[in-house]
Each structure stands twice: as C-alpha cells, then as structure tokens.
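K.L.:
Once you've had a glance at the structure underneath, I'll fire off some questions.
Computed from the coordinates by the stated procedures, all read-outs in this text should not be read as laboratory data. The structure displayed is predicted, hence computed values, not measured ones. We place every Cβ from the backbone using ideal geometry, glycine too, and count neighbours over all the protein chains shown.
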Amino acid sequence: MTDVGTLSWAKRTGGRIDFRDRLTLMKLAAGSLLAELPDLVAYRLGLKRNFPAFIDLDSLKPPDTKAAQAAEILLRELTPPFLFNHSVRTYWFSRLIGLGAGAKFDDELLYIASLTHDLGFYGHYADATPDAECFSIRSARAAGEVTAKAGWDGARAERLQEAIIRNVNGHVPQQDGMEAHLMMRGVLVDATGLHAWRINPRSVDAVFDHLPRFDIRTQLGPTFRGEADRHRQCRGYFAETYLCFGLLVRTAPWKG
C-alpha cells in the first residue's frame with residue numbers, strides 16, 4: 001500500500017501516480033466493491049428494505065460560518081448550476097450518511113470540503129502546474145485559501161485539504177478521516193447511486209427536490225473526461241479508464 005491521496009503524497013508527486021499507486025487504487029476499488037456488492041444488487045433490484053430512519057431536511061441547517069459563506073460564494077461564482085447543486089447535494093448526502101450511522105464528524109469541515117471538492121475544474125484553479133497536476137490538489141488549495149482567511153488552525157485546514165484530495169481515490173476508509181470517508185460516499189451517492197442504501201429513500205428524494213440534478217448525467221462526464229485526458233498520469237484518468245467512472249455516472253439510478 002502507498003500513501004496515495006495524502007497531503008504528503010500530493011506535495012511529493014503533484015498528483016501523478018506510479019505503479020504502486022495504481023495497485024493501491026485497484027485494491028481499494030476491488031475491496032469496496034466486494035464489500036458493497038450484496039447491498040448494491042439488492043438496492044438496484046428494489047429488494048432493499050432495511051434503510052436508516054427518515055431524516056427531515058427541514059430540521060437540519062448547513063453551517064453558517066465565515067468560511068462556509070466564503071466557500072458558497074466561490075462555488076457560485078466559478079461553477080455552472082449542475083456542479084453547484086452536485087457539490088451541495090454531496091454535503092447533504094454525506095451528512096445524512098453520517099447521521100444515519102451515528103458517526104461523529106466536523107460538520108463545517110464536511111460542508112466546505114463538499115462545496116470545494118471540484119473547484120479544480122474551474123476558473124484559475126483549472127490551471128495545472130507541476131506541483132498540482134491533479135484537479136483535487138487545486139481544489140484543496142481553493143479550500144485552503146478559504147479557511148486561511150477565516151483563521152482556521154493548520155491541523156484542521158490540512159484535514160480539510162486531505163479529505164478533498166483523497167476523494168479521487170474512490171474509497172476512503174474511516175481510519176483515513178471521518179469527513180473524507182463520508183464525503184467520498186456522498187459524492188458516489190450523487191454521481192453514481194453507490195451507497196444510496198445508507199440513506200432513507202425519502203431523504204434522498206428530498207435532497208433532489210431541493211437541489212435538482214440539472215442534467216448532470218450528460219455534463220459531469222465530459223468535464224471529468226476532459227480533465228482525465230489532459231492529465232493521464234493522474235487518478236482521474238485511472239478512475240475513468242479502469243474504474244469506469246463515466247459509465248457509472250451515465251447509469252446512475254436518478255432522473256436527470
């Protein structure tokens with residue numbers, strides 16, 4: 001195993017993966033798929049019944065801190081509507097999974113990580129450099145700028161940035177950070193339907209009612225594919241080519 005997806009790895013490689021990293025990513029994907037396969041099959045066949053309890057979104061409020069507000073503004077300024085809604089839905093799905101599992105997590109950190117995890121596709125953050133070839137590293141830098149202005153301490157800011165960088169691994173074990181673990185699952189719920197069985201279906205429907213998909217099925221794929229093709233040594237290309245991320249997005253069980 002390697003330290004792929006960590007801050008130290010990002011600083012050392014700029015996001016470029018080697019043979020050992022590829023083996024690690026494949027092992028993570030295979031282990032996750034085997035563990036989730038029974039629930040995945042049951043869910044897609046409509047046989048899943050033991051969902052977590054319904055959580056009313058109207059009973060919950062997102063963080064309303066200086067950093068949270070800045071992340072919202074940046075996301076709205078830089079991204080198209082489909083990506084804005086995807087990012088906010090990622091937070092809600094991640095939070096709902098965490099609440100349903102009784103997990104303890106930093107809600108503000110989870111919120112900002114969710115809102116900024118794809119900013120590396122847009123604006124000046126889309127400009128790759130040798131030390132930030134992977135879009136997730138550029139996204140993490142955007143998040144770091146937001147929290148630096150808000151006065152976050154270094155350790156918490158690093159945990160936030162690492163959650164964003166690990167997001168492209170495809171699977172993040174709990175021991176690698178609860179917020180990173182939850183956000184990875186939230187991203188996959190929204191983009192592919194994986195892990196949706198960890199949320200009550202009524203809660204899932206409520207999230208989509210509040211935040212429509214805006215045809216993400218046809219827009220996210222080309223965005224991700226374009227980034228992957230420009231940076232073939234990075235995890236985006238690996239996920240698109242070997243883990244069929246684009247196909248998973250196109251075959252997600254959601255409308256739109």
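K.L.:
Pick out the long, greasy-scoring helices in the chain: whole DSSP H runs spanning 20 Å or more along their own axis by Cα, mean Kyte-Doolittle at least -0.5.
P.N.:
Within the chain the helices that satisfy the rule are 19-44, 81-101, 135-150, 178-192.
K.L.:
Name the residue farthest towards the positive end of the dipole of the chain from the options Leu40, Thr13, Pro52, assuming +1 on Cβ of Lys and Arg, -1 on Cβ of Asp and Glu, about the Cα centre.
P.N.:
Checked the options; the winner is Leu40.
K.L.:
Where the Cα atoms of the range 158-234 are projected onto their three principal axes, how long is each span, largest first, in whole Å?
P.N.:
Extents along the principal axes, in whole Å: 40, 33, 19.
K.L.:
What whole-number value in cubic angstrom gives the convex hull volume per residue for the C-alpha atoms of the chain?
P.N.:
117
K.L.:
Around Ile17, what is the net charge, scoring Lys/Arg as +1 and Asp/Glu as -1 over all other residues with Cβ under 11 Å from its Cβ?
P.N.:
My count for the surroundings of Ile17 gives +2.
K.L.:
Here is a further query. Out of every Cα pair in the range 31-102, what percent are spaced more than 21 Å from each other?
P.N.:
Looking at the range 31-102, the distances longer than 21 Å represent 47 percent of pairs.
K.L.:
Right, something else. Just grab the label-to-label distance for Ala30 and Ile73, each label 7 Å out from Cα along the Cβ direction, in nm (one decimal).
P.N.:
4.8
K.L.:
Sticking with this structure for a sec: Going by C-beta contacts inside 10 Å, put Thr90, Thr24 in order with the fewest on the left.
P.N.:
Final ranking by Cβ density, sparse to dense: Thr24, Thr90.
K.L.:
Sticking with this one: About the Cα centre, and with charges only on the beta carbon of Lys, Arg (+1) and Asp, Glu (-1), how big is the dipole of the range 1-124? Nearest 20 debye, please.
P.N.:
420
K.L.:
Shifting gears a bit: To make sure I understand, if each residue's beta carbon is the centre and we count other beta carbons within 10 Å, what order do Trp254, Trp9, Trp92 fall in, fewest to most?
P.N.:
Trp254, Trp9, Trp92
K.L.:
Now for a different question. Apply the a/c threshold of 1.5 to the C-alpha gyration tensor of the range 100-148 and tell me whether it is rounded, prolate or oblate.
P.N.:
Cα axes put the range 100-148 in the prolate bin.
K.L.:
Moving to a separate point now. Please check: in the Gaussian network model of the chain (C-alpha springs, under 10 Å), which one of Ala29, Ala239, Ala53 has the largest mean-square fluctuation.
P.N.:
Ala53
K.L.:
Based on the alpha-carbon set only, what is the convex hull volume of the range 1-128 divided per residue, in Å³? Spell out each step's value before the answer.
P.N.:
On the way: hull volume 21.5 nm³, N = 128.
In the range 1-128, the Cα convex hull volume per residue is 168 Å³.
K.L.:
Could I ask something else about it? Specify whether the C-alpha gyration tensor of the range 2-67 places it in the rounded, prolate or oblate class, a ≥ b ≥ c being the square roots of the eigenvalues: rounded for a/c under 1.5, otherwise prolate if a/b is larger than b/c and oblate if not. Kindly include the intermediate steps, with their values, before the conclusion.
P.N.:
Values: a/c = 4.85, a/b = 1.29, b/c = 3.75.
Here the range 2-67 falls in the oblate category.
K.L.:
Sort Val168, Val41, Val249 by Cβ crowding within 10 Å, fewest neighbours at the top.
P.N.:
Starting with the residue having the fewest Cβ neighbours, the order is Val41, Val249, Val168.
K.L.:
Determine the gain in length on full extension of the stretch Arg250-Asn200; use 0.36 nm per residue of separation and subtract their C-alpha separation, reporting nm with one decimal.
P.N.:
Net length gain for the segment: 15.7 nm.
K.L.:
Specify the residue with the greatest mean-square fluctuation among Cys244, Cys134, Cys234, computed from a Gaussian network of the chain linking alpha-carbon atoms under 10 Å apart.
P.N.:
Cys244
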